[in-house]
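Inspection log for the structure reproduced underneath, given as structure tokens.
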Amino acid sequence: MRFITFLFGASLLLGQSVLAQDNLVIEIQEVVISDNLLKDYSQTQKTETLSDSVIKRNSSFLTSLLNYNSLIYFKENGIGGASSPSFRGTTASQTAVIWNGININSQTLGQTDFNAVNSLSFDNITIKSGGGSVLYGSSAIGGSIHLNNDLYFYDRFENELFLKYGNFNTFDGRFQTKIASNKYSLQLGFSRSFSDNDYDWVGKDRKNINGQFENSTFNADFGYKIDDINSIKFYSLYFNGERHFSLVLPTETPTKYHNTDIRNLLEWTSLIGRFTSRAKVAHLFEEYRYFPHVDNQFYTFGKVESFIAKYDLAYDFSDRIKLNAVFDYTQNNGQGSDIHSEKRQIGSGSLMFKHLLTDKFLYEVALRKEITNNYESPFLYSMGMKYEVNDFYSVKFNASKNFRIPTFNDLYWVTGGSADLNPETSYQAEITNEFTIKDFGITLTGYYNQLEDMLRWIPTGPMWEPENTEEVEIFGLEAGLSYSKIIGKHSINLNGNYGYTSSKNKKTDKYLIYVPAHKGNARVSYGYQNLNIYGEFLYVGEVYTRSDNNSRYNIDAYQVFNLGTDYTFKTNYTLGVKVQNVLNTYYESVENRALPGRNFMMYLNLKI
Amino acid sequence: MKTMKKLALLTFGLPLFFISCSSDDNNSGGNASGEYANGIFILNEGKFMSANTAEVSFLSENGILENDVFYGVNNSYLGDTAQSIGIEGDKLYILVNNSNTIKVVNRYTFELITTITTAIQSPRYIVFENGKGYVSNLGNPADSSDDYIAVIDLSSNQVTTTIPVSEGPEKMVEENGKLYVAHKGGWGVGNTISVIDLSSNTVSTTIPVADVPDGIDEKDGYLYVMCSGFSSWNSEVPSTQGGLFKIDMTTNEVDSSLSFAEGIYPTHLEIENNKLYYTISGDVFAVDLSATTLPTNALLSLNGMYNIYGFEVEDGKIYMSDPKDYNSNGEIFIYTTNGAFINSYEVGIAPNGFYFND
């Protein structure tokens, strides 16, 4: 059946390793994800998927996971503090975060705080580099992060408990249960993390003060195959977190931040001949509360409720030619202590076309246009191709126009918000070369990105006001190396990345602040039977912190090593320990926001 | 600063946009042996939520500028967001707003004497009288009813008492045992002048003025108050007009007032040689104290400047500062009171005030 094979293909593409069953019956182990565009129309760009085991070895915050496993730079205000990305030299609101196919960047801020997402709540996380606004809408400029929950359609009953505890009273825990047959699939999960986060600053007579945090996530995902034609899927997530913001200086006023996200997504899929119809409705709720003093009930807030209706109709002309038409309607209702209550409506239509011209050559073309009364929305496009030249070399090319729409704050902030704004736009192109030589994989990517109408809040007399003033030119090089070998009972895995980024404001001829020219990371693991030893390495080059590029105030480059080991008993429980920052290096990614020195954690994963 | 701080706090509640940095190794090379007896201190506010960018620059009477004076002398940083300076006796007091501290230094050597932290929360300005310093404090940002004036005993450098006032106390003038406090409003919008009787440390009178009293100065028994007016972008909340108020300090009644046109938001107020100086965006205006109408033409214009951030008129010269984007070095400009350019200098981040040491 086409559906089954196509879903099975999806699981392979996503690098999802499906657990082997003990029984000898060969069955199709079907895994379904909701983000169909990631699978179908992202083959001409660089994507990498992080598996469950990589996710668990890292801290539960998305920041740390991606810092060690991607070239995205993070400006992190201490562990657990506000954290914003710079993906390929772009700004914090130019990275899109996609939850099961739905863009979840904050409507008020335009960005996702990467320390307000608990990465344990997802089965896999895919990093897609480069423009993706045609597929995913606003903010997919530097790239997009895809948080996916899988639904399994084969007989399965599995419970998993994961517990991790470390220095500074840091706890991460997750319990999940997966129950499935070939007819239905249910996954329930609960994650909880907390920490006193009161680490000493290495080599300084100071501690991290007021840095404690806690958060809980509950997710429920359900799939049901009504008949051979129709199936429904439901994804639901509830997140609630509270973070104190660590103090720059001990005498400052302690503050805290509370945020809640509730997301529900219902999808109905029908397979009718060569047509695949996907109707989706989603409801998203986001709220933040900022407490300017931790001991006081007073807070300022912003909240947005979004309703999204999406219809995606795919037609397979043949096994080689696919066309999708997607219609999307989004309504956002925002209110807050400092923004006008506003309702925003956006409609969009897009077309995507993919053609496997030969077994070795494919191309994709995608177009999108939005209609809204809030701003002038540009026509977006993306085109790409992939050519497998021979067994050891293939090349990908992609060019696209992308955008980032003004946020609720930009448009409706009571003192300064301006309704007269345009989206930021990006024209970009990239080329990726992939080499496979024996057990080695090498990728080399070059990209160019031109950003126009960049939004900036500038002082205009007594007020600050956003304007579409800036132009930024970015180019960069990325290199990746992977090696994987199994010899008898020994296995070795190596994964390394290096990125060079140049991101310059064309008006001032100065580099963007908080964008390092160099970043690199690597993971190495060695396995002998059930024992694993692994190491992680991170290098972040120096960054400017001042718009005039006064280098006296740069943040120094830093490197961090982590070491860990784990042992799997009886195939179903794993016990591990990890030492982070083994060399006890002082480092910070934001001035006066020291990150922790050497610290230990141990973890236990139980499958029942 | 206020707007910026609000924006930063509220936009994210977090410092994503206004975070600062530098590395501890890259220390500045200030001139530690400098003598600061004759010249002008320029206070550089620094970046909000940054521990090492607030600084003091010194312009000597010979026109030689020295940046990073505090670090150069004391080998330590001022703190987060320096708001204002007061000079009294042989001491100089630097109010560090977001750090909730006051740094007390010797006004001639700039050596740190002590740091006042107790009972100081979000300090704004300081004035002196009779061996005491009076500091306006916004208090806990989450509480609009806890704003106060802290009274510091200058011999012990301790806060001896606090005087509760209404929300948003900022600049002050002391005259004849009375403290006149302009309430800009803090997180809200203020429109009053409180009069505090310093013999009893209580508010004796409240004088209504227009919204956002930004500048305040005294001359010959009259208090002059420049109100910026409230600039609203919200169609549901109307903007208000700015105004210049003249208050009789014997009766504490408004003697006369002049209104600015809608959409004009004047800031600052300095009195020099019977003339009153104020600014609108990048323009400086001068008007006779006896004038009954406001001038239509600017005395001088700094083209391209959004906002004259620091402003002072002294001995025939006008001192102005340009904070630029608040994330790179600012610039100061010196003109004659006739509007002729004298000089300009590059200083630190967000220069917000000039203080004369002579």
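For the range A:164-183, what are the residues that are of a type in the set (Gly, Ala, Ser) and not in a strand (DSSP E or B)? Within the range A:164-183, just A:Ser181 meets the criteria. If the condition is being under 26 Å from B:Val284 (Cα atoms) and part of a loop (DSSP other than H, G, I, E, B), then the range B:182-217 contributes B:Lys184, B:Gly185, B:Gly186, B:Val189, B:Gly190, B:Asn191, B:Val209, B:Ala210, B:Asp211, B:Val212. Restricting A:Leu161, A:Leu109, A:Leu186 to residues that are touching a residue at least 12 places away in the same chain (Cβ under 8 Å), assigned to a loop (DSSP other than H, G, I, E, B) and either in contact with a Phe, Trp or Tyr (Cβ under 7 Å, 6 or more places away or on another chain) or closer than 19 Å to A:Ile72 by Cα (or both) narrows the list to A:Leu109.
Each row is one residue, and each column tells you yes or no for (1) within 15 Å of the chain's Cα centre (by Cα); (2) part of a helix (DSSP H, G or I); (3) of a type in the set (S, T, N, Q); (4) more than 14 Å from chain B (Cβ to nearest Cβ).
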| site | (1), (2), (3), (4) |
| --- | --- |
| A:Ser34 | no, no, yes, yes |
| A:Leu38 | yes, yes, no, yes |
| A:Ser53 | no, yes, yes, yes |
| A:Lys56 | no, yes, no, yes |
| A:Thr63 | yes, yes, yes, no |
| A:Asn67 | yes, yes, yes, yes |
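Within the range B:335-349, the set of residues being within 19 Å of B:Val284 (Cα to Cα), among the aliphatic types (A, V, I, L, M) and either within 14 Å of chain A (Cβ to nearest Cβ) or in contact (Cβ under 8 Å) with a residue 24 or more places away in the chain (or both) comprises B:Ile342 only. Among the candidates B:Ile332, B:Ile308, the residue that is crowded, with 20+ Cβ neighbours inside 10 Å, in a loop (DSSP other than H, G, I, E, B) and in contact (Cβ under 8 Å) with a residue 24 or more places away in the chain is uniquely B:Ile308. Residue pairs whose Cβ atoms lie under 7 Å apart, separated by 6 or more positions or on different chains, with the first residue in the range A:319-347 and more than 14 Å from chain B (Cβ to nearest Cβ) and closer than 30 Å to A:Thr358 by Cα and the second outside any strand (DSSP E or B) and acidic (Asp, Glu), are A:Lys322/A:Asp40. Here A:Pro378, A:Pro423, A:Pro406 are screened, and the one residue that is touching a Pro at 6+ places or on another chain (Cβ under 8 Å), at pLDDT below 95 and over 30 Å from A:Thr300 (Cα atoms) is A:Pro378. If you filter the range B:86-140 down to residues that are among the aromatic types (Phe, Trp, Tyr) and touching a strand residue (DSSP E or B) at 6+ places or on another chain (Cβ under 6 Å), you find that the one that is nearest to the other protein chains (Cβ to nearest Cβ) is B:Tyr93. The set of residues from the range A:359-382 being outside any strand (DSSP E or B) and surrounded by 15 or more Cβ atoms within 10 Å (Cβ to Cβ) comprises A:Asn374, A:Tyr375, A:Ser377, A:Pro378. When B:Asp315, B:Asp283, B:Asp358, B:Asp322 are checked against the criterion of being surrounded by fewer than 20 Cβ atoms within 10 Å (Cβ to Cβ) and within 14 Å of chain A (Cβ to nearest Cβ), a single residue qualifies: B:Asp283.
If you filter the range A:214-231 down to residues that are of a type outside the set (Ser, Thr, Tyr) and touching a Leu at 6+ places or on another chain (Cβ under 7 Å), you find that the one that is surrounded by the fewest Cβ atoms within 10 Å (Cβ to Cβ) is A:Ile229. Selection within the range A:238-277: residues that are within 30 Å of A:Asp319 (Cβ to Cβ) and outside any strand (DSSP E or B). The member of this set that is nearest to the other protein chains (Cβ to nearest Cβ) is A:Arg274.
Please go through the range B:39-67 and pick out each residue that is among the aliphatic types (A, V, I, L, M) and either in a strand (DSSP E or B) or surrounded by 21 or more Cβ atoms within 10 Å (Cβ to Cβ) (or both). The answer is B:Ile40, B:Ile42, B:Leu43, B:Met49, B:Ala51, B:Ala54, B:Val56, B:Leu59, B:Leu65. Can you pull out the residues in the range A:537-578 that are over 20 Å from A:Asp172 (Cα atoms), more than 9 Å from every other protein chain (Cβ to nearest Cβ), part of a strand (DSSP E or B) and under 24 Å from the mean Cα position of the chain (by Cα)? Passing the criteria: A:Phe537, A:Leu538, A:Tyr539, A:Val540, A:Tyr558, A:Gln559, A:Val560, A:Phe561. Number of residues in the range B:218-233 that are part of a strand (DSSP E or B), within 14 Å of chain A (Cβ to nearest Cβ) and either surrounded by fewer than 16 Cβ atoms within 10 Å (Cβ to Cβ) or modelled with pLDDT under 95 (or both) equals 0.
Selection within the range A:282-300: residues that are facing chain B (nearest Cβ under 7 Å) and touching a residue at least 12 places away in the same chain (Cβ under 8 Å). The member of this set that is nearest to the chain's Cα centre (by Cα) is A:Tyr288.
The values are calculated or read from the model by the stated rules, or taken from the named source; none is laboratory data. Quick caveat, the model's predicted, so the values are computed rather than measured. Cβ: placed from backbone, ideal geometry, glycine included. Neighbour counts: every protein chain shown.
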